[in-house]
1. Applying 1/(1 + (r/R0)^6) with R0 = 30 Å to the Cβ-Cβ distance of residue 70 and residue 223, what FRET efficiency is obtained, to the nearest 0.05?
2. When you count, for each residue, the other Cβ atoms within 10 Å and take the mean per peptide, how do 162-175, 204-217, 243-256 rank with the highest first?
3. Just want to confirm a number: the relative contact order over the range 207-302, from Cα pairs under 8 angstrom separated by 6+ residues, in percent.
4. At 0.36 nm per residue, and after removing the present C-alpha to C-alpha distance, how many nm does the segment from residue 61 to residue 166 gain when stretched out fully?
5. How would you classify the range 222-307 from its alpha-carbon gyration tensor, with a ≥ b ≥ c the square roots of the eigenvalues: rounded for a/c under 1.5, else prolate if a/b is greater than b/c, otherwise oblate?
6. Express in nm, to one decimal, how much length is gained between residue 124 and residue 175 on full extension, taking 0.36 nm for each residue of separation and deducting their alpha carbon distance.
């Protein structure tokens, strides 16, 4: 299959994208079909495991590789998660590429997926014993996008990705207490039913959210804090009844397009942002998103934080 021709969107858009430079898109997971060079740009064709459609992403010096990946190691057949951006000419640029948990070797009747948790069940001690989530991507024997019940037990392991560790999140920060509606996870497990599996491992995944600043960012470079007013369509509003979300940057946060730290700190409560990062809850139940990537958008309807 040639890496050219018509470019198709990874998923049907809920709202038409307005023409604007470099609009960041939600992560897409899939199988790389081929690679080629076009006008000096390294290009990869990604077949999405979510929709089965293919999209061509350009890779340049601005593309960030994580989870030990590199331009040389991302080859045909690799299973990767890609965060992309629509450039001013309508083409797609990969801003972040990482090897997904789904790239792990599957054994036996293993199944899994990545997506948003919609409901949890707990025992009388408060420990989560199972949760329901809607996979955005499926892999292994799990081939539908129907809601999936994930059973947890004493053998289930919890982890964070290398991306999250590089973002300053402790390797032990994600555990059973961080399983809540609205959380984004990757799961690998076993089970004979297509609607339920027993989790062998659960890993914290990145969230993509859009919102409007409630005030100017606070702090000193590179550590800033800010509060986002979430749109009514946000999955955190749907599943957690959250209307605002606290967020924080650090030295690893990437500012997309022309939004550098100076421009960011000058933003006011009228600014609309899209953020990509890792959501955790402290012992008091307060939510904090550690931001990996941040960009300014025209309005929150173009963001990816809707359910």
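1. Once rounded, the FRET efficiency stands at 0.55.
2. Packing order, densest peptide first, comes out as 204-217, 243-256, 162-175.
3. RCO, the range 207-302: 33 percent.
4. 35.8 nm
5. Cα axes put the range 222-307 in the oblate bin.
6. 16.6 nm
Here, each number is a calculation from the coordinates, and none is a lab measurement. Computed from a predicted model, the values in this text were never measured in an experiment. Neighbour counts run over all protein chains shown; Cβ positions are idealised from the backbone, glycine included.
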